[in-house]
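Data first, discussion second: the structure below is written as structure tokens.
The values are calculated or read from the model by the stated rules, or taken from the named source; none is laboratory data. Being a predicted model, the structure only gives us computed values, none of them experimental. A quick note on method: Cβ atoms are made from the backbone with ideal geometry, for glycine too, and the neighbour counts reach across all protein chains shown.
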């Protein structure tokens, strides 16, 4: 991994951190960001592989569904809805056409 790629990940992490703090009305001294940045730069950071949202859905406990569903990005939500629709067409008996004489 190049140093520039790692810098992009560190910047993304820090931006996400700032967004999360903003949502929770939390602020830190600017020096805290400098310290976090210098610590993160010591590590090789890799992005997570793409989530398998359908597999996660199939293994999601009923009580965890709302939280899981809200955690999906717009792209993941669209992927989930497409797969849900395909599964419904394939397995929901209400979706099957009945043959009539």
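Annotations
- Just one residue in the set 90, 47 is modelled with pLDDT under 90 and in a loop (DSSP other than H, G, I, E, B); that residue is 47.
- Cβ-Cβ distances below 7 Å connect the following pairs, each with a first residue in region 58-79 that is more than 17 Å from residue 48 (Cβ to Cβ), a second residue that is at pLDDT 90 or above and part of a helix (DSSP H, G or I), and a separation of six or more residues or different chains: 60/68.
- Note on region 57-72: residues that are surrounded by 10 or more Cβ atoms within 10 Å (Cβ to Cβ) and within 11 Å of the chain's Cα centre (by Cα) amount to 4.
- Residues being in contact with a helix residue (DSSP H, G or I) (Cβ under 8 Å, 6 or more places away or on another chain) and either outside any loop (DSSP other than H, G, I, E, B) or under 30 Å from residue 6 (Cα atoms) (or both) - total across region 50-64: 5
- Positions within region 22-44 being part of a loop (DSSP other than H, G, I, E, B), closer than 30 Å to residue 79 by Cβ and at pLDDT 90 or above, in sequence order: 24
- Here residue 10 clears all of (1) free of Cβ contacts under 8 Å to residues at least 24 places away in the same chain; (2) surrounded by 12 or more Cβ atoms within 10 Å (Cβ to Cβ); (3) farther than 30 Å from residue 82 by Cβ except the condition numbered (1).
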